[in-house]
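Please read the structure below before turning to the comments.
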């Protein structure tokens, strides 16, 4: 057994979560992979595993993936207990096998949250995020064609901060890495993004009340400010946005007619029609 | 009143209450520590402070209602959020967890102040119950202690080895709890600014250390020797213990333990 650190290929032991469907009980199953190139991405390594499984007549491992360049937010995976693996600011598809060493055991689990039920193996249902966005994460006015860029002045700071929040790709790593499975960073990113721009300002109260209400009814956990989400976020969304979400919520709850009348607070629909 | 219900029911509202009550209790810790530090200034200073505080009955009632209210809300929401947080993970927990925070250096076996708030909070609750039994309700006090002035009372309670150990551990646990809680409250209340947050986090850690050292220091306080209740006997022992040892050492600055609190000179 060689443990060369400069070797170009790796022999790996994988411990992968296998679960037939949401109703079944899942379990870990161990697989051995030989000759994995360090140049491969993590998902390519899983592709090799699946080819091997197909050849053996076994069911391949189901996992989410799409763009494979870190912008779509489809890939997930808890790799050795870390969302999107050991690197900061990257998604699983951007993770390369050179981050692992020969003979290493790699444990691969799905995102685990009550609000993200397992569909199969490593694939979870993240439509709770879609329902949160439907509860207010948008601007509902018809904007027509793109206006002249300088007709709506936005300060440099607001613009930068809004776009720092807008980079959220909705992958769910924040929920996965949070010890409370809280979706606060995801909700904060959208609320903070739109609250700082003039286009989002008119609906800011309804947005934050609706989205937080939906987040709560999806049964995500509460934020305890451990900042694990920030460290796990592949897009680098800061917990500063969570503080802005909290400010927005206070303003909406105690300072807007919607909040004082108690509308949009707990409903699972978007309400307000 | 629906906004009030939302404050107690929504996840963000609960954190407002948690942070608000937490900061109020931090403020109490500061006042309490400042008052207790008068123990080092001697019996006269401490007794006059204690007596003046207890003379103002209206203030005391309002303060106690506020403190118990804040404490109960804080504890109630701790139970509610902790059970919600456990449920939010779902039926299956991770087989393996690792932090991705590069600077997470303060931890013991993976346990950091911010991930153990529920445990430290539970320990503090137990301690507060004992502390109130010791000083407020005087459950374990003998006749001598009941008749003693505040300074001597403090010395008598802290003369017990069990209390020394428990109070020292509690001071450290409270320090750990507030080292995360103080900064976390600002974040929960939305009081976050890129410029000030690092300072608030530093203050929070310094505050935690100050609380641990400040309150913990009373374990080594030499008041027992000064007031003459140095006896190794615990407070649960026969009431004859205190008076028999007290007069011998009561010649220094401390009044005799049997002096009623009312006779302590004030001004």
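Each value in this text was obtained by applying a stated rule to the coordinates, not by laboratory testing. Only a predicted model underlies this, so the values are computations on that prediction, with no experimental measurement involved. Neighbour counts are summed over all protein chains in view; Cβ atoms, including those assigned to glycine, are modelled from backbone coordinates with ideal geometry.
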For region A:9-120, the Cα-Cα pair-distance distribution in 10 Å bins from 0, as whole percents, is 14, 48, 34, 5
Based on the Cβ-Cβ distance from residue A:167 to residue A:146, what FRET efficiency comes out when R0 is 25 Å, to the nearest 0.05?
0.75
If I take every Cα pair under 8 Å that is 6 or more residues apart in chain A, average their sequence separation and divide by the length, what percent do I get for the relative contact order?
18
Square roots of five times the Cα gyration tensor eigenvalues for region B:148-223, Å
33, 11, 10
Mean separation of Cα contacts under 8 Å (at least 6 apart) over the residue count of region A:9-120, i.e. the relative contact order in percent, is 35
Taking just the alpha-carbon atoms of chain A, what radius of gyration and Dmax come out, in angstrom?
21.2, 70
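How big, on average over all directions, is the shadow cast by the Cα convex hull of the protein assembly as shown, in nm²? List each step's numbers first, then the result.
On the way: hull surface 134.6 nm².
Taking a quarter of the hull surface, the average projection is 33.6 nm².
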The simple spin-label model distance between residue A:199 and residue A:88, using points 7 Å out along Cα→Cβ, in nm, is 3.1
Taking chain A and counting helices only, DSSP H stretches of n ≥ 4 at -39,500 (n - 2.57) each over all residues, the nearest-500 ellipticity at 222 nm comes to -9500 deg cm²/dmol
Between residue B:41 and residue B:86, 0.36 nm times their residue separation minus their Cα-Cα distance comes to what?
11.5 nm
Per-selection metrics, region A:153-273 (Cα): Rg and Dmax in Å:
14.0, 40
For the residue pair residue B:55 and residue A:127, what label-to-label distance in nm results when each label sits 7 Å from Cα along the Cα-to-beta-carbon direction?
7.1
Other chains near B:2-10: what is the mean number of their Cβ atoms within 10 Å of each residue's Cβ?
6
